[in-house]
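Colleague: Encoded as structure tokens, here's the structure I'll be asking about.
The values are calculated or read from the model by the stated rules, or taken from the named source; none is laboratory data. It should be emphasised that the depicted structure is a prediction, and the values quoted were computed from it without experimental measurement. Counting neighbours? That spans all protein chains shown, and the Cβs are built from the backbone with ideal geometry, glycine included.
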Amino acid sequence: MSNLSTADPKCWICGGVATTREHFIKAADVRLVQGVKRGGVRLRHIRTGRERKIQGAKSDYLKYQSSICAQCNNQHTQPHDVAYDGLISYINRNAPTILAEGRINLRTAFGLGRKERDRRQQNLVLYFVKRLGCAIMDATGHANAVLAEAIMRNTPPRDFTLAFWIDEVLLQHTKQLDRWAIHGDLHAFTVTTPTDPSTGWATQYGQGWLHVGVWFNCHSPNAHPHVWTGTKPDILLERLS
């Protein structure tokens, strides 16, 4: 017999009781923008031209409703957050070299042996799997079973694609990643196959001049030729203005 009440929000990953609220803009990214080392700045969240003042990274305004249990938010997905945080820290420290070369060298970024680096690369993909899964749950009220299984198995799903690019406009302001944290809209597509009509999903995120496009169960546009699925040790950066 289950102890879950029908009123309890469910964890979209494991189906247990959802007791935590995930940030739709990562707390560490918000703190980077807030600039504690610079004495702190006033945060503003802007959407469709409307501006709202934000007190800090813990603001409930930057969180989804409860949709993940504590175990999934910590034990199952903490390594994914660590991989992303490590990547952002590396880029921020090495921006001039990365921008000049047009690539992110994950051999250097993660500084591990091949086996551990491969695991860290998969964890980086799974970080975006969690972000997309949370967005889908928030928009539809339903868990995506494929994304949930990917996290539980600790293996990226098929047809999950990323592309990284440089926003030339934002780059003109600073080479650091400490000015903007961007959360794009979620887009759904009807994907029709002879045997299995389904839904494809796409969104994007950004930290400063670095933008990441995310596609699941659909193809990335031709405007993004350098896609990354977590298997290669280099992330090629496109330049878009």
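Colleague: For residue 169, are the conditions met, namely being farther than 24 Å from residue 85 by Cβ, at pLDDT below 85, of a type in the set (Val, Ile, Thr) and assigned to a helix (DSSP H, G or I)?
Modeller: Considered against the rule, which asks whether it is farther than 24 Å from residue 85 by Cβ, at pLDDT below 85, of a type in the set (Val, Ile, Thr) and assigned to a helix (DSSP H, G or I), residue 169 comes out as yes.
Colleague: Could you list, ordered by first residue, the pairs with Cβ atoms under 7 Å in which the first is in the range 122-143 and closer than 29 Å to residue 106 by Cβ and the second is among the acidic types (Asp, Glu) and surrounded by 21 or more Cβ atoms within 10 Å (Cβ to Cβ), at least 6 apart or interchain?
Modeller: These pairs meet every condition: 134/22.
Colleague: Let me ask something additional. Can you name every residue in the range 68-108 that is touching a Ser or Thr at 6+ places or on another chain (Cβ under 9 Å) and either crowded, with 19+ Cβ neighbours inside 10 Å or of a type in the set (D, E, K, R) (or both)?
Modeller: 68, 69, 72, 73, listed by residue number.
Colleague: Another question, if that's okay. With the requirement that a residue be among the polar types (S, T, N, Q) and not in a helix (DSSP H, G or I), what does the range 60-110 give you?
Modeller: Correct list: 65, 66, 67, 77, 94, 105.
Colleague: Now a separate question. Under the condition of being assigned to a helix (DSSP H, G or I) and in contact with a strand residue (DSSP E or B) (Cβ under 8 Å, 6 or more places away or on another chain), which residue from the range 147-166 is farthest from residue 67 (Cα to Cα)? Working first, answer last.
Modeller: The initial filter retains those residues of the range 147-166 that are assigned to a helix (DSSP H, G or I), namely 147-153.
Cutting the leftovers down to in contact with a strand residue (DSSP E or B) (Cβ under 8 Å, 6 or more places away or on another chain) gives us 147, 150.
Details: 147: 14, 150: 17 Å.
Out of the qualifying residues, it is 150.
Colleague: Among the numbered conditions (1) surrounded by fewer than 15 Cβ atoms within 10 Å (Cβ to Cβ); (2) modelled with pLDDT under 90; (3) hydroxyl-bearing (Ser, Thr, Tyr), tell me where residue 205 comes up short.
Modeller: Of (1) surrounded by fewer than 15 Cβ atoms within 10 Å (Cβ to Cβ); (2) modelled with pLDDT under 90; (3) hydroxyl-bearing (Ser, Thr, Tyr), only one is false for residue 205: (1).
Colleague: Consider residue 187 carefully, then state whether it is modelled with pLDDT under 95, under 18 Å from the mean Cα position of the chain (by Cα), more than 14 Å from residue 84 (Cα to Cα) and not polar (S, T, N, Q). If you could, list the steps in order and put the result at the bottom.
Modeller: On the way: modelled with pLDDT under 95: yes; under 18 Å from the mean Cα position of the chain (by Cα): yes; more than 14 Å from residue 84 (Cα to Cα): yes; not polar (S, T, N, Q): yes.
For residue 187, the condition - modelled with pLDDT under 95, under 18 Å from the mean Cα position of the chain (by Cα), more than 14 Å from residue 84 (Cα to Cα) and not polar (S, T, N, Q) - is met.
Colleague: Check 162, 171, 87 and return the single one that is within 19 Å of residue 200 (Cα to Cα) and not basic (Lys, Arg).
Modeller: Residue meeting the stated conditions: 162.
Colleague: Taking the range 66-90, which residues are in contact with a helix residue (DSSP H, G or I) (Cβ under 6 Å, 6 or more places away or on another chain) and of a type in the set (Val, Ile, Thr)?
Modeller: Listed by number, the list holds a single entry, 77.
Colleague: While we're on this one: If residue 61 meets every condition in (1) of a type in the set (Phe, Trp, Tyr); (2) at pLDDT below 90; (3) in contact with a Phe, Trp or Tyr (Cβ under 9 Å, 6 or more places away or on another chain) apart from one, which number is that one?
Modeller: Every condition holds for residue 61 apart from (3).
Colleague: Something else now. Hey, can you tell me all the residues within the range 112-165 that are of a type in the set (Asp, Glu) and more than 17 Å from residue 185 (Cβ to Cβ)?
Modeller: Matches in the range 112-165: 116, 118, 149, 159.
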